[in-house]
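Peer 1: Sending over a structure as structure tokens; questions will come in a sec.
The values are calculated or read from the model by the stated rules, or taken from the named source; none is laboratory data. Keep in mind that what you see is a predicted model, and the values were worked out from it rather than measured. In this analysis, Cβ positions are derived from the backbone assuming ideal geometry, glycine residues included, and neighbour counts consider all displayed protein chains.
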């Protein structure tokens with residue numbers, strides 16, 4: 001049995017609309033932003049490991065034109081917060097297995113956000129973790145920053161993509177609870 005949006009009751013608030021009528025558009029918009037962010041991190045890694053640039057010289061694509069983007073803890077924290085908010089807001093449209101995977105991405109992004117919060121607090125206060133010479137996150141004590149952010153973006157992105165694929169292809173039990181038009185026809 002297939003359901004359409006017209007058969008569902010909604011309160012019409014922004015959160016509801018983003019998770020029903022506009023869910024697909026919101027997810028694709030969010031995906032574009034996340035992929036663009038990925039491209040920046042991958043470009044920076046290519047600059048370092050492919051071209052042999054020093055870490056301070058490797059700024060990604062946008063960072064070459066706007067160097068402050070790479071050095072601004074506020075910008076990095078802002079992006080981590082935007083990702084966290086988007087994952088929280090858009091989770092209401094997911095059901096079943098896709099919701100589980102989306103929650104995994106959300107949990108991982110929450111930790112990534114905490115790491116960026118720690119960095120911005122250090123940057124603002126001038127007091128650095130364990131006496132380091134620059135703002136340092138907890139995991140950065142073990143993994144260098146460039147590699148760490150590639151890792152963080154990968155471990156958030158992977159379950160997010162799994163969630164989106166499962167969301168587009170719900171099983172019969174999940175399809176009954178779907179409130180948006182994201183799912184492909186059965």
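Peer 1: Only one of 138, 121 is within 20 Å of the chain's Cα centre (by Cα), on the phi < 0 side of the Ramachandran plot and surrounded by fewer than 16 Cβ atoms within 10 Å (Cβ to Cβ). Can you tell me which?
Peer 2: 138
Peer 1: If I ask for residues that are within 17 Å of residue 157 (Cβ to Cβ) and either out of contact with any helix residue (DSSP H, G or I) (no Cβ under 7 Å at 6 or more places or on another chain) or surrounded by 16 or more Cβ atoms within 10 Å (Cβ to Cβ) (or both), which ones from segment 78-95 would you list?
Peer 2: 79, 80, 82, 83, 84, 85, 86, 87, 90, 91, 94
Peer 1: So how many residues does segment 165-177 have that are touching a helix residue (DSSP H, G or I) at 6+ places or on another chain (Cβ under 8 Å) and either surrounded by 15 or more Cβ atoms within 10 Å (Cβ to Cβ) or assigned to a loop (DSSP other than H, G, I, E, B) (or both)?
Peer 2: Residues that pass the stated criteria total 6.
Conditions tested, residue by residue: (1) more than 18 Å from residue 79 (Cβ to Cβ); (2) in contact (Cβ under 8 Å) with a residue 24 or more places away in the chain.
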position	(1), (2)
108	no, yes
115	no, yes
118	no, no
125	yes, no
129	yes, no
132	yes, no
135	no, yes
140	no, yes
146	no, yes
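Peer 1: I would also like to ask the following. Filter segment 30-77 for residues that are surrounded by fewer than 17 Cβ atoms within 10 Å (Cβ to Cβ), part of a loop (DSSP other than H, G, I, E, B) and free of Cβ contacts under 8 Å to residues at least 60 places away in the same chain and give the result.
Peer 2: 51, 52, 53, 54, 56, 57, 66, 67, 72
Peer 1: Going by the conditions given, is residue 26 assigned to a helix (DSSP H, G or I), surrounded by 18 or more Cβ atoms within 10 Å (Cβ to Cβ) and at pLDDT 95 or above?
Peer 2: Yes: the conditions hold for residue 26.
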